[in-house]
Amino acid sequence: MSKSIQIRMGGYGPPTTSFSRALKLIGDRLEARFGDGVDIKYIWNILDLGYRGEDILWLAEHGFLTIVYQSTSYLTDRVPELGFVDLPYLFDNNEQARNAIDGKVGKYLTRKIEDRVNYRVLGYFENGFRQISNHLRPVRAPSDLAGMRIRVLPSEVQARSFQLMGAVPLRQDLSDVIKSIVDGKIDAQENPFANTVTYGVHKLHPHHTVTNHFYISRGIFANRTAYYTWPEDLKEAMALAVREAVIFQRGLSEIEANDARKAIEDRGCEIVDLTPDEYAEFIKAVKPQHDDARDIFGDNMFDLLNAG
């Protein structure tokens, strides 16, 4: 490369998270390959600069950042098809979910994102299965959520899921959640254990339940305008680095989940592991949503899912 290409990577968590470490891996691989031909900078947590979590989307789309990650749920208003992978209890385990996101479902959703947003989708990190925490009472059944104000991601699909469970869902950006918990404006939240610990929610919520209700991916989004100015060897090196980083991040995510559970227990919090019968009650509560999903998303999405 004749001149140094600037690549600014950003996220919304400390540099110790699996997502930040995966971004650093990408940068390290590119620097090892191209040396001074690339100029890589990191903004680990845009919240520290006064931005909201959702702002990372436009920061990348308009080129202020070159590569970012964000939960795909944040794009469902612009890319409704992404609501399909927001359906509750769509996946049974990480392997099944990863196969779908890395397979035909993910490729289809990538095309839809790139059709509507100025992104080149490089891959998908794993945010993983989500659990419920609250400050009111233990949750062992959907009836325990009755009237409970719970923060959800900005996804109408996810909001409806909790309505069916009896809760009062409030769509809210990450940057507002802690203040709302402290102020008593919300009673509960749902996140992977790692996020719950990263943002200190376990210091405020004594009750946690392993519901595994949603599996969420975090897309790796590059500003498309910048991406298509890169020489082919940089694009190829980026693709290789991202593939390695995705595997690395997903492995770290599993470790983080175990470490976070221990941190929650060490804090003295209660963690409810549902029995099979209790788990089945949550699936039963959201069945109407699955019954309607073909009308909303069409047979094509389910066919892609079943095709692997």
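The values are calculated or read from the model by the stated rules, or taken from the named source; none is laboratory data. Quantities reported herein were computed from a predicted structural model and do not represent experimental measurements. Positions of Cβ are generated from backbone atoms using ideal geometry, with glycine treated the same way; all protein chains shown enter the neighbour counts. SASA here: full protein model, heavy atoms, side chains in, ligands and nucleic acids out. Shrake-Rupley method; radii C 1.70, N 1.55, O 1.52, S 1.80 Å.
Annotations for the structure displayed:
- Test for residue 47: is it buried (at least 17 other Cβ atoms within 10 Å of the Cβ) and either of a type in the set (Asp, Glu) or farther than 17 Å from residue 177 by Cα (or both): no
- Matching residues in the stretch 162-174 - criterion: being in a helix (DSSP H, G or I), surrounded by 20 or more Cβ atoms within 10 Å (Cβ to Cβ) and either more than 19 Å from the chain's Cα centre (by Cα) or aromatic (Phe, Trp, Tyr) (or both): 162, 165
- From the options 271, 216, residue that is over 23 Å from residue 156 (Cβ atoms) and of a type outside the set (Lys, Arg): 271
- Residues that are within 17 Å of residue 239 (Cβ to Cβ), more than 16 Å from the chain's Cα centre (by Cα) and open to solvent by less than 10 Å² (accessible area, probe 1.4 Å) within the stretch 82-131 comprise just one, 119.
- Pairs with Cβ under 6 Å, 6+ apart, first in the stretch 158-177 and within 19 Å of residue 129 (Cβ to Cβ), second outside any strand (DSSP E or B) and of a type in the set (Phe, Trp, Tyr): 169/162
- Residue identified as in a helix (DSSP H, G or I) and either out of contact with any Asp or Glu (no Cβ under 6 Å at 6 or more places or on another chain) or at pLDDT 95 or above (or both) among 85, 139, 68: 85
- Looking across 241, 237, 226, one residue alone is buried (at least 20 other Cβ atoms within 10 Å of the Cβ) and assigned to a helix (DSSP H, G or I). It is 241.
Residue by residue, here is whether (1) within 30 Å of residue 8 (Cβ to Cβ); (2) touching a residue at least 60 places away in the same chain (Cβ under 8 Å) holds:
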{"position": "232", "(1), (2)": "yes, no"}
{"position": "238", "(1), (2)": "yes, yes"}
{"position": "248", "(1), (2)": "yes, yes"}
{"position": "291", "(1), (2)": "no, no"}
{"position": "298", "(1), (2)": "no, no"}
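- Qualifying residue in the stretch 201-215 (condition: modelled with pLDDT of 95 or more and closer than 24 Å to residue 60 by Cβ): yes
- Any hit, the stretch 175-190, residues being at positive phi and either open to solvent by 50 Å² or more (accessible area, probe 1.4 Å) or not charged (D, E, K, R) (or both): yes
- All positions within the stretch 1-45 that are in a loop (DSSP other than H, G, I, E, B) and of a type in the set (Ser, Thr, Tyr): 2, 4, 16, 17
- Selected residue (only one of 240, 234, 274 is at pLDDT 95 or above and either hydroxyl-bearing (Ser, Thr, Tyr) or closer than 20 Å to residue 162 by Cα (or both)): 274
- Whichever residue in the stretch 191-223 is more than 18 Å from the chain's Cα centre (by Cα) and not hydrophobic (A, V, I, L, M, F, W, C) and, among such residues, is most open to solvent (accessible area, probe 1.4 Å): 203
- Restricting the stretch 270-283 to residues that are touching a residue at least 24 places away in the same chain (Cβ under 8 Å) and farther than 13 Å from residue 210 by Cα, the residue that is most open to solvent (accessible area, probe 1.4 Å): 281
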